[in-house]
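Accompanying notes for the structure given below.
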């Protein structure tokens, strides 16, 4: 019974992780970008992303801990170690995006807005902010890829059958 609960929680963590990325990228962001003006969109994004990354962190923590628990039950072979490592990597990326990356992006956005309101040109500030945004998109894509690897791996893992 315990192993079935662990497997269920592990699969649920995968579904939530991949689902949150796909839903935000394919549904939420495009709809919000089309319907909100720039200021409203900016406010929604500032309020949305800390919770978005927190959900990813919780999913990764559940996935990692259930993978380790399954390892205790079945032994720490590659079918346990690879997913555990992927989960730990996802947790690290989500934490990085939630804490230092978002804070720096918000700080740069505030500086840009203040300088633009004064009519000051800020190409270097804009370039740095755009670079951080690009990094967040790349990391989000990496987490999606890692999540899809976890799903694929679960299909061949004897511990999740």
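Readers should treat all values here as calculations from the given coordinates under stated rules, not as data from a laboratory. These numbers come from a predicted model, not from an experiment. Because the Cβ atoms are built from the backbone with ideal geometry, glycine has one as well, and the counts that use them run over all protein chains shown.
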_Degrees between helix 123-156 axis and first principal axis of the chain (Cα, 0 to 90, nearest 10)_ = 20
*asked:* Taking only Cα atoms of the chain, what ratio of Rg to Rh do you get with Rh as the Kirkwood inverse-distance radius?
replied: 1.09
_What is the angle, in °, between the Cα long axis of helix 78-96 and the longest principal axis of the Cα atoms in the chain? Nearest 10 is fine, range 0 to 90._
20
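Can you put 53, 74 in order of Cβ neighbours within 10 angstrom, beginning with the fewest?
74, 53
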*Taking springs between alpha-carbon atoms closer than 10 angstrom, which of 81, 73, 150 fluctuates most in the Gaussian network model of the chain?*
73
*asked:* As a test of the formula, what do you get for the chain when each DSSP H run with n ≥ 4 contributes -39,500 (n - 2.57) and the sum is divided by the residue count, at 222 nm and rounded to the nearest 500 deg cm²/dmol?
replied: -29500 deg cm²/dmol
*Mind giving me the nanometre distance, one decimal, between the label points for residue 127 and residue 112, set 7 Å out from Cα along Cα→Cβ?*
1.4
*When the chain is modelled as a GNM with alpha-carbon springs shorter than 10 Å, which of 47, 39, 106 fluctuates the most?*
39
*Treating the angle as unsigned and between 0 and 90°, give the value, to the nearest 10°, between the Cα long axis of helix 102-117 and the longest Cα principal axis of the chain.*
10
